[in-house]
Amino acid sequence: NKGKSDMTASLDFREAKEKPRSTVDFKAKEVDANADMAPFLEAINPIFHTVNGAVAGKSTADFKLAWTGAIDPAAADWTVPAKTALQGSGVLAVKDLVITGSPAVGQIMQALGEGNQLQGELLGTDIRIEGGRCSYVNMTLRLARYELRFTGWVAFDKTMELMVEMPLTPGMRKRYPNLERYTGQTLFVPLRGTAASPRLDFEKAIEELI
């Protein structure tokens, strides 16, 4: 990947009784947000999961992680011990972002009435990693005409519980004439399921509004 990245790791392979602690510091500046970065990106937000599509952009990240406890290199599923062992925090931003073929993006853009391709910028967001989840507040995705904000979490097991804050757009008012009197207001739409099979509950948000 183009750009600059740096990772510093201190791995402690002592037995659990000796209370080992490992750390990883990861920094990236304008690194290509492509298929190589996909596992990292989609663990944070489902918009980065694509099916017969692609992600492009320049990502900047700064994460500090700690693993408290024994490390088992042969573990078949690292997500199980990670629920209690892994914690940390970081910041992620992606500029010149283009996403196609993402199930989550498709549902969001359909709700906005904007087609199914996303172009924009993910603004720098503080992310907390603990309890087997990546969580954040107001992760802002700036599109050409609108801004979306994501609040909630995505778990290591790919499940998620997010709230998407989106504007009431002309496309929405065209589909739902009763929304005309709510022009200028904001919708809060639940996004659940998994990155591969997301459920944007847009109809529920509309029902609650009107």
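The values are calculated or read from the model by the stated rules, or taken from the named source; none is laboratory data. Nothing here was measured: the structure is a model prediction, and the numbers come from that model. Virtual Cβ from ideal backbone geometry, glycine too; neighbours counted across all protein chains shown. Calculation scope for accessible area: heavy atoms of the full protein, side chains included, ligands and nucleic acids excluded. Shrake-Rupley method; radii C 1.70, N 1.55, O 1.52, S 1.80 Å.
Remarks
- Förster radius 45 Å - calculated FRET efficiency between VAL98 and LEU209, Cβ distance, rounded to 0.05: 0.90
- The GNM of the chain, with springs linking C-alpha atoms under 10 angstrom apart, assigns the highest mean-square fluctuation among LYS64, LYS29, LYS17 to LYS17.
- Using 0.36 nm per residue and subtracting the Cα-Cα separation, the extra length available between VAL51 and ARG175 on full extension is 41.9 nm.
- Most fluctuating residue given options LYS19, LYS58, LYS158, as computed from a GNM of the chain linking Cα atoms under 10 Å: LYS19
- In the chain, the longest principal axis of the Cα atoms and the axis of helix 103-112 are about 30 degrees apart.
- When peptides 37-50, 180-193 are sorted by average Cβ neighbour count within 10 Å, with the highest value leading, the order is 37-50, 180-193.
- Amide N proximity, region 5-26 versus ASP72 label position 7 Å along Cα-to-Cβ, cut-off under 12 Å: 16
- Accessible surface, per residue, of the chain when the full set of protein chains is kept, probe 1.4 Å, Å²: 53
- Rounded to 0.05, the FRET efficiency of the LYS4 and ALA35 pair, given R0 = 22 Å and the Cβ-Cβ distance, is 0.70.
- Violating pairs (Cα-Cα greater than 19 angstrom) within the set LYS2/LYS158; LYS29/LYS95; LYS2/LYS29; LYS27/LYS158: LYS2/LYS158; LYS27/LYS158
- Accessible surface of region 72-142, 1.4 Å probe, proportion on carbon and sulfur as whole %: 47
- Choice from GLY132, GLY115, GLY124 with maximal GNM fluctuation in the chain (Cα, 10 Å cutoff): GLY115
- 12 Å beta-carbon shell around GLU180, net charge (K/R +1, D/E -1): +4
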